[in-house]
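Note sheet for the following structure.
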Amino acid sequence: VWGYPRYRARQIYEWVHVRGVLDVTQMKSIPQHLRSQLVQHTKEGSLTIDTELISKDGTIKRAYRLQDGHVIESVLMPYDDGRYTACISSQAGCAQGCVICATGQMGFMRQLTVDEIFEQVSRFASELAHQEKEDQKQQSKVETLHSSSRSITKKNKSHHKSKRLSNVVFMGMGEP
C-alpha cells in the first residue's frame, strides 16, 4: 500500500519479534519517513497496562484494561530451568459464579477477541526477546572487560539460558 520493498516488512518483524522492540522510533534500520508513517498509522496494541506487580522470583502479574473498559489479567512465570510460562485470559469475567472467587462474582462480560488473546502472549514474548538482547550486550561487555584486563585473546563461553516464552496456559476463570 505504501510502496516499500518487501524486506522492510522483514525488518519490522525482526525489530518486534526477535529484538522485542515495540517503539517504532527505536527501529533505527527503518527509514525515518517509514517510521513516521508507522507512528501515525499504527499502535502497539489494544491492551493498556492498568496494574503491574513483580514478585521477588520475577513473576509478573498484570491487569490489562481493554478498550471497552473491562479488566483482564495475565501472568508471566519464570522457572529456574530457564522456561517462561504465560498464563493468559480468554474471557473478561467468568460465568461460573463461584462464591469464593472474585472473578466469578464479577460475572461474565464477554469472550476476548483473537487479537486481545494474542497480544497478551506477544507482549510477554517481545519483552523477553528484548531482555535477552540486553543481557547479551551486558555479557559481551563483561567478557570484553575480562579479556582485555587479563590480555586473553580467546573468548569466554558463557552458558546463559534463553529468555523465550516456552509455554502458554489459560487462566482458570471458567475459561474453555
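The values are calculated or read from the model by the stated rules, or taken from the named source; none is laboratory data. None of the values given here were measured: they were computed from a predicted structure. Because the Cβ atoms are built from the backbone with ideal geometry, glycine has one as well, and the counts that use them run over all protein chains shown. Quick note on the areas: whole protein, heavy atoms, side chains included, nothing else; ligands and nucleic acids left out. Shrake-Rupley method; radii C 1.70, N 1.55, O 1.52, S 1.80 Å.
Where strands (runs of 3 or more DSSP E) fall entirely within segment 48-130, those with at least 1 residues that are small (Gly, Ala, Ser) are at 60-65, 71-78, 84-88, 91-93. The one condition from (1) open to solvent by 40 Å² or more (accessible area, probe 1.4 Å); (2) touching a strand residue (DSSP E or B) at 6+ places or on another chain (Cβ under 6 Å) that Val75 does not meet is (1). A residue that is at pLDDT below 90, surrounded by 15 or more Cβ atoms within 10 Å (Cβ to Cβ) and not small (Gly, Ala, Ser) can be found somewhere in segment 136-151. For segment 1-22, filtered to residues that are of a type in the set (Phe, Trp, Tyr) and open to solvent by 80 Å² or more (accessible area, probe 1.4 Å), the residue that is farthest from Val121 (Cα to Cα) is Trp2. Within segment 112-133, being open to solvent by 80 Å² or more (accessible area, probe 1.4 Å) and among the charged types (D, E, K, R) holds for one residue alone: Asp115.
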